[in-house]
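The values are calculated or read from the model by the stated rules, or taken from the named source; none is laboratory data. Nothing here was measured: the structure is a model prediction, and the numbers come from that model. Virtual Cβ from ideal backbone geometry, glycine too; neighbours counted across all protein chains shown. All accessible areas refer to the heavy atoms of the entire protein, side chains included, with ligands and DNA or RNA removed. Shrake-Rupley method; radii C 1.70, N 1.55, O 1.52, S 1.80 Å.
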Amino acid sequence: MTHAIVARQAGGPEVLTYEDVERPVPGPGQLLVKVGAAGVNFIDTYKRSGTYKVPFPFTPGSEAAGTVEAVGDGVTGFVPGDRVATAEGINCYADYALVDEAAALPVPRGLDDLTAAALPLQGITAHYLMNSTFKVEPGHTVLLHAGAGGVGLLLIQLLKARGAEVITTVSTDAKEQLARGAGADHVLRYEGFAERVREITSGTGADVVYDGVGKDTFDGSLAALRVRGMLVLFGAASGPVPPVDPQRLNAGGSLFLTRPTLGHYLRDAAERRWRSGEVFAAAANGSLKVRIGARYPLVQAAQAHRDLEGRKTTGKVILVP
C-alpha cells in the first residue's frame, strides 16, 4: 500500500483526504513515477470543486517530478532511474503516479525535484503564451495580470529577456516587490489599471494582455488594449467571464480575444520537447529564477488549496510526499 489524496465528492478543500491506496501499475506505454514533488494549480481546485466535471472518487494533480520506478510494455525512451517531469500526469497528489511516455519530460542535471515540478505547467504556459498565442517581439508592450503568481513571475522574466515592456498588476506591496524583482517595468494595483496602462503608453494601449484572473479583470483588460490588440484569457482565478457580445471587440478597436489551454499547445512530442527544453534549460543555467512560494507535505493538500484559492500564495505551490 501507498498514499494518495482522495476526494470522494465535489466540494471545498475539506473533501481532500489522505488515504491508503494500492500502488498503481504501469500499463502499456506508461511510466510508474515515484513522486518527488507535485505542483498545485488552479485547475486542480476547479476539478475538486466540480467546476470541471471529473469522476469521483478523484485524486487531483497532473503536474509532478520524480524518478521512474518501473515501465510498462512498449516503453522505449525511459528506464527505471531516469528523472522525469510532466504537466499531463495522472493522479499526481500521491506517492506514486502514472505518466504516459509521450507526456514525460526529461529533467536535466542541475534541477532538483521541487524546481522540476514547479515548471511544467506554469513554465510551459508562459512559453506558449508569448511564443505561440501572441508572439511577443522586442518593443511590444505587455500587460500581465497577477505578476507575483506562478505564471506571472516566470512570464515577466521571459518577456524581459525578449525585450518587451512589461506592465503587471498585483494586490499587495509584498507582491509588488516580487514582480519588480522579476523585472517588471511598471507594477500597478488592480483598481483603475486600464486607465494607468493608457497613461503609461501615451494613450495607445497594450499590444497584448495576458489575463489569468478572469471575471474581475476582463472588462479592464479589453479597455487597456490598443487597436487590433489581443486579450489572451488563459485562466479564471476570480471566476468565469460572463458571455461576451462580439460587437464589443469591434467597438474596442477590432480587438482579438482568445481562450487558450495547455493541451492544445502540446500537440506532439516535438512540441513538448521544444517548450519544456527551453524552459528547463533556462532554469538549469540560472537565467530563469523559479520561486517556490509555498511547500506543504502531501497530507496538507487541503490547506494548500485553501491558501491558493484565498490568494495567500506567491510563486509556485508544491506538495511533497
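Considering region 286-321, and only residues there that are on the phi > 0 side of the Ramachandran plot and in contact (Cβ under 8 Å) with a residue 40 or more places away in the chain, the residue that is nearest to the chain's Cα centre (by Cα) turns out to be Gly315. Listed conditions (1) touching a residue at least 12 places away in the same chain (Cβ under 8 Å); (2) in a loop (DSSP other than H, G, I, E, B) are all met by Pro243, apart from (1). Only one entry of Lys312, Lys316 meets the criterion of being charged (D, E, K, R), open to solvent by less than 70 Å² (accessible area, probe 1.4 Å) and within 30 Å of Tyr18 (Cβ to Cβ), and that entry is Lys316. Taking Leu105, is it more than 22 Å from Gly214 (Cβ to Cβ), among the hydrophobic types (A, V, I, L, M, F, W, C) and either touching a Gly at 6+ places or on another chain (Cβ under 9 Å) or surrounded by fewer than 21 Cβ atoms within 10 Å (Cβ to Cβ) (or both)? Yes.
Test of understanding: among Val68, Val99, Val75, Val84, which residue is crowded, with 20+ Cβ neighbours inside 10 Å, in contact with a helix residue (DSSP H, G or I) (Cβ under 9 Å, 6 or more places away or on another chain) and modelled with pLDDT of 95 or more? Within the list Val68, Val99, Val75, Val84, the selection yields Val84. Selection within region 161-219: residues that are among the acidic types (Asp, Glu), more than 20 Å from Arg248 (Cβ to Cβ) and in a loop (DSSP other than H, G, I, E, B). The member of this set that is most open to solvent (accessible area, probe 1.4 Å) is Glu191. Here Lys289 fulfils each of the conditions (1) more than 30 Å from Asp219 (Cβ to Cβ); (2) touching a strand residue (DSSP E or B) at 6+ places or on another chain (Cβ under 8 Å) apart from (2). With respect to the stated conditions, Tyr128 fails to be under 16 Å from the mean Cα position of the chain (by Cα), within 30 Å of Pro246 (Cα to Cα) and in a strand (DSSP E or B).
Let's see how each residue does on (1) at pLDDT 95 or above; (2) farther than 30 Å from Val84 by Cβ; (3) β-branched (Val, Ile, Thr):
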site: Asp245; (1), (2), (3): yes, yes, no
site: Phe256; (1), (2), (3): yes, yes, no
site: Ala270; (1), (2), (3): no, no, no
site: Arg275; (1), (2), (3): yes, no, no
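In summary, Val142 fulfils each of the numbered conditions (1) among the β-branched types (Val, Ile, Thr); (2) surrounded by fewer than 24 Cβ atoms within 10 Å (Cβ to Cβ); (3) at pLDDT 95 or above; (4) out of contact with any His (no Cβ under 9 Å at 6 or more places or on another chain) with the single exception of condition (2).
Scanning region 275-302 for residues that are part of a helix (DSSP H, G or I), surrounded by 15 or more Cβ atoms within 10 Å (Cβ to Cβ) and not aliphatic (A, V, I, L, M) turns up Arg275, Ser276, Glu278, Phe280, Gln300. Screening Tyr265 with (1) closer than 18 Å to Leu119 by Cα; (2) over 14 Å from the mean Cα position of the chain (by Cα) gives one miss only, at (2).
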